[in-house]
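Let me begin by presenting the structure, written as structure tokens, before commenting on it.
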Amino acid sequence: MQSLPSWVQLLALALCVCQMCALQPRPRSDDDDYDFSAENEDSFTPQPLRPPPWQEAPQPQEARVQVPGVGDIVGVRGYKAISGRPINAFLGVRYAQVGAGLGRFQQARATSFQGRVDATTASPNCAQFPELQRLQAAEARGENVDDCLTLNIYAPEGARDLPVLVFVHGEMLFDGGAEEAQPDYVLENDIVLVSINYRLAPFGFLSALSDQLPGNVALSDIHLALEWLQRNLPHFGGNSGKVTLVGQAGGATLVHALSLSGRATNLFQQLILQSGTALNPYLIDERPLETLATFARLARCQYAGRSLAPLYDCLSRLPTSQVVSAFEQLLQQNEARGLSFLGGFKLVVGDPLGYLPEHPAALAAKAANSSVPMIVGAAKDASAFILSRFYDQIQRVQSQNVSDFINVVLRHTAPPSQHKAWLDWARREIFSQEHDRTASAHSVSQGLLELSNMILYRAPVIYSIRLSHKKSPVYLYTFDYRGEHHRFGHLDNPLPFGVDASLSDDSVYLFPYPPEASRLNPVDKSLSRALVTMWVNFAVTGIPNQNSGVWPKATSEYGPFLRFTNSRQSMLELDPHFGDGLYAPNLYGQYFNATNSTTTATAATTTTTTTTTTTRRPYVYNPYVNRQPNPYPYNYNATTTTSTTTTTTRRPMYAYNPYANWQPNRQPGQAQPFPRRPTDPAYERAQEIRRQQVIREQQEREQRIREQREREQQQQEEQQRREEEEREQRRVQEQREQEAQRELEQRYQMQREKQQREQQQREREQTINPDEPDDRELEEREQQEREEQQRLQILHEQRLQYEQRQREQQQREQEQREQLAREQQEQQEQQQREQEQREQEEREQQEREEQQREEMARGYQPYEPEQQESSRRPYPSYEDYVRRDEEEEPLDFEPEIDESSNRNYSEEQEREQQQREQLYREQQEREREQQEQEREQQERERQSQNPNEDEEDQQDRRQPYQTYEEYLRANEEAEAAAAAAQESEPEPEPEPEPERENDPSAYESYDDYIRAQQERQEAEERERAVQEGWEHSRPEYPGYRQFVSNHHSSPQHAKQLRRQQRPNL
């Protein structure tokens, strides 16, 4: 190998030496200028130091479960510690796979073997418009946002063969997720909790009633989840033979529909339905094809009506976020038009998947024999959030007829085919005739809430268990408890009154969700424990409360039922009637046999003697009359700011927050007039009067119904008695006729026998004496003819007597029928008069109540603040509410009642006092007239006994006086003579009776007492006149009539004076 030239080697050595020198650090000098540019700064980045081992956050431990056919599922061990024991969580476990394109609207397929499954983090919710921004961001990253069919499983460490609660979230079937079921409260007990994600809104319900777009896909998702759990629950410590489905609101509608379909038999054993059934008309789409056409127009897809291929192609190409946005537009544009124009999130009847081949009411009637034990009920004011969505339309009604207000509610809550039935029912059962003339949004809003509650929640429950309660145990409940938190407490309430428990408020006490409602106060915690305990007991034993009489199963579709209340004596109250005394109309008579129902809509009786405790609902003004309508009907933004807190949520605005604008730290310097609040004593008294009036009306109605039934029962018994008497009389008459006929036959038989014997005798005699003359034979024949005539005469008389008796019997029956008809006519007339009298009394009572309400309204004018951002009245804080409930005293911030209210109340008192005085004067006049008649009668009797004395008296009365002064002079002389006579003949003075003067009971009548008081006053005036020296300045009596009346009260004394003064006169 040839070596390199020497010069090349030297050059390489020089380069190496230069490089080594450049790398050696130089000593810093003052003349050096260093440039710390951005490039130099980025040239070296120091790495952060690792924390010491004792400061490192512990990594979550893995909980591994080997599931055959699924794979190795890795969850979180010790996800939470509840009641001192660790809880394992398996989050986001996929149970089915959704197809792409048009497969997003079709039935999913079960998952295959997945190998290692990461179940340490929860999966996102299924596509929904409150999370539209998340969907758009995920699609931009290329993620599959439709892969959402997952479930969460929570089980205690070492669980084995425990009962299982499977929670299906709900609300309105277009939002929500499995995250709502947190284990904090439920897993204090030995139970396994599962929550399910299923497809929502158009992905779960949009339907063309075809295989490509079947509808009711959400039911198939839940069905697939239950099948997955049935196979794999034992691996997580659950018992697949003790599965209880728990549905909330729309979720309750789904699980009930799934149970009615019969497709999920043996996949669950019990049901808990919270404020929802499959018969809820709000969640049944009666026009799915019209909904599809509207959705296609908003999604800008071609919809020809006959050929749906272009529509299918368009839907398959649309991104998920655009489908969700189109549904949001449909909801915003059509919600104000009414229930018939809303769709895309409701069940459809006749779906190709076969879950609802018929209307749910028909399935409920057919599936009664195969029903499962269930707990079913509703929150007291569950429909408040729906009513709040269209309450602005109620306020805009320009009418005083309650029917116009009812029609607005029916347009948003009931299908058109049921409007007439519900309108008649509401006018008959909820509203009075007075509302036909004086209705207003303020006066009827509370009744409209009761109507919507009945249509959407209570009546569907009644229809659902009408037959099934006879086959399987059913436990009814209503949730009236008003706690510190509401499920949708961050939203606005446009209603003019506060409500009790609204939709999904009971879930707040089962699961700590949303986070702002997870911190319960001690009172709410006690209710939460009671509720969770009963739900878990039902899942374990099938009986929610083992104590006898606390919560019995329903014996009819109306009860008994358990009520959760705010009562301090007992939060649990047992009531007999689920409709609060109102019977639901029979809307599904074609499905349910009316004779099998224990009660119908036209039932005439109710024996409700309940002591229901409810939160009083104020009939007050609307504090939101100036509230500007929200141009964005759904609160899609993530932040909702109030005067107290900032709440983060993804939920649309369905309900209200009764404490949203309450300002606990109001400064004293803010001199703002307070509006009337429910804590106003005057308001509470008015509400208590109203409540008592309602109770009295209910009792009167029940009393009338009982009296009507008693009268009908008496009429039936009287009719039966009369019929029995008539039958007995006919029987006796027939028996008598039969006896008379037998007697007649016997006598006739005896006569024949006698004739035969005589004939035989004559024949024997003739054979012995053949030459005897024929005279004897002639006599015998004549005798026989006479006897025959007598017999015929007897028969004729008996026939006449029988006919006479028959005519008399018919006449008596005719008279009895006429008498019965007259009595019935009189009873009907009497009932009609009583009915008219009751109606008159009710109208008068309603007029009085209306007058009282008008006076109260004049006394309490609505408060409308000026130049403020919102006209909402401040609600009291929860602490004030609890303090008021415990102390039963007014709060410190009681509003001052203005003078107009006191003035109206004083005027009302004056009117009542005048009426009482008028009645008292009329009564006094009647008594005075009666006493005058008695005196005249006594005078006549006295005249008949002493005619001479009466003549003298008459002569005295006829004594003429030329002038009134002569009469007075004669009267004074008579009194002076009487006084002189009394002095000449002194009599023992009677003992004074000071108590008699002021004791009305010491007199025979009240008139005598008044007269004595007047005489005493006149005597005192005369004494003062004598003392002051002006007794002669005016006559003692203003007229002759008063003089006669005063002296007429003591006739013997007047006669004595006249006899003594007769010579002088």
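The values are calculated or read from the model by the stated rules, or taken from the named source; none is laboratory data. Note that the structure is predicted; figures quoted are calculated from it, not measured. Ideal geometry is used to build each Cβ from the backbone, glycine not excepted, and the neighbour counts take in all protein chains shown. Just so you know, the surface numbers come from the protein's heavy atoms only, side chains and all, with ligands and any DNA or RNA stripped out. Shrake-Rupley method; radii C 1.70, N 1.55, O 1.52, S 1.80 Å.
Taking the Cα centre of the range 376-488 as the origin and placing charges on Cβ (Lys, Arg +1; Asp, Glu -1), which of 430, 445, 461 is farthest toward the positive end of the dipole? Projecting each Cα onto the dipole axis, the largest value belongs to 461.
Using only side-chain charges placed at the Cβ, +1 for Lys and Arg and -1 for Asp and Glu, the dipole size of the range 208-365 relative to its Cα centre rounds to 120 debye.
Sparse packing (at most 11 other Cβ atoms within 10 Å of the Cβ) combined with a DSSP loop state is found for the following trypsin sites (Lys or Arg not before Pro) in the range 438-547: 519. With a simple spin-label model that places each label point 7 Å from the Cα along the Cα-to-Cβ direction, the separation between residue 777 and residue 235 comes to 12.8 nm. Counted residue by residue at 0.36 nm each, then reduced by the alpha carbon distance between them, the extension gain from residue 924 to residue 802 reaches 37.0 nm. When only the Cβ of Lys, Arg, Asp and Glu is charged (+1, +1, -1, -1), the dipole of the range 171-275 relative to its Cα centre reaches about 420 debye. Think of each Lys and Arg Cβ as +1 and each Asp and Glu Cβ as -1; about the Cα centre, that makes the dipole of the range 791-855 roughly 1180 debye. With r defined as the distance between the Cβ atoms of residue 293 and residue 140 and R0 fixed at 22 Å, what FRET efficiency is calculated, to the nearest 0.05? Efficiency computed from Cβ-Cβ geometry: 0.10. Heavy atoms only, probe 1.4 Å: what % of the accessible area of the range 385-465 goes to carbon and sulfur, would you let me know? Here carbon and sulfur together make up 45 percent of the probe-accessible area. Skip the ligands, DNA and RNA, and give the accessible area per residue of the range 360-411 with a 1.4 Å probe, whole Å². I get 31 Å² per residue for the range 360-411. If R0 is 45 Å, the Cβ-Cβ spacing of residue 1017 and residue 830 corresponds to a FRET efficiency of close to 0.30.
How many percent of the accessible area of the range 266-351 is carbon or sulfur, using a 1.4 Å probe? Summing carbon and sulfur atoms, their accessible area is 45 percent of the total for the range 266-351. Checking every one of the trypsin sites (Lys or Arg not before Pro) in the range 318-407 against DSSP loop status and a limit of 12 other Cβ atoms within 10 Å picks out 396. The distance between label points at residue 314 and residue 398 comes to 3.9 nm (points 7 Å beyond Cα on the Cα→Cβ vector).
Shape of the range 87-135 from the C-alpha gyration tensor: oblate (a/c of 1.5 or more and a/b not above b/c, with a ≥ b ≥ c the square roots of its eigenvalues).
Extension gain for residue 718 to residue 706 (0.36 nm times residue separation, less C-alpha to C-alpha distance): 2.5 nm.
Measuring between alpha carbons in the structure, the pairs from 366/420; 242/346; 366/470; 380/553; 242/471 lying more than 25 angstrom apart are 366/420; 242/346. Bridgeable lysines around residue 80 (alpha carbons under 18 Å apart, same-chain partners fewer than 8 residues away excluded) are absent. Under 10 Å from the Cβ of residue 102, count the other residues' Cβ atoms, weight Lys and Arg +1, Asp and Glu -1, and hand me the total. Combined, the nearby Lys, Arg, Asp and Glu give +1. Taking the protein heavy atoms of the range 46-197 in the context of the full set of protein chains, the accessible area attributed to carbon and sulfur is 50 percent at 1.4 Å. Between residue 786 and residue 821, the FRET efficiency estimated from the beta carbon spacing at R0 = 60 angstrom works out to 0.70.
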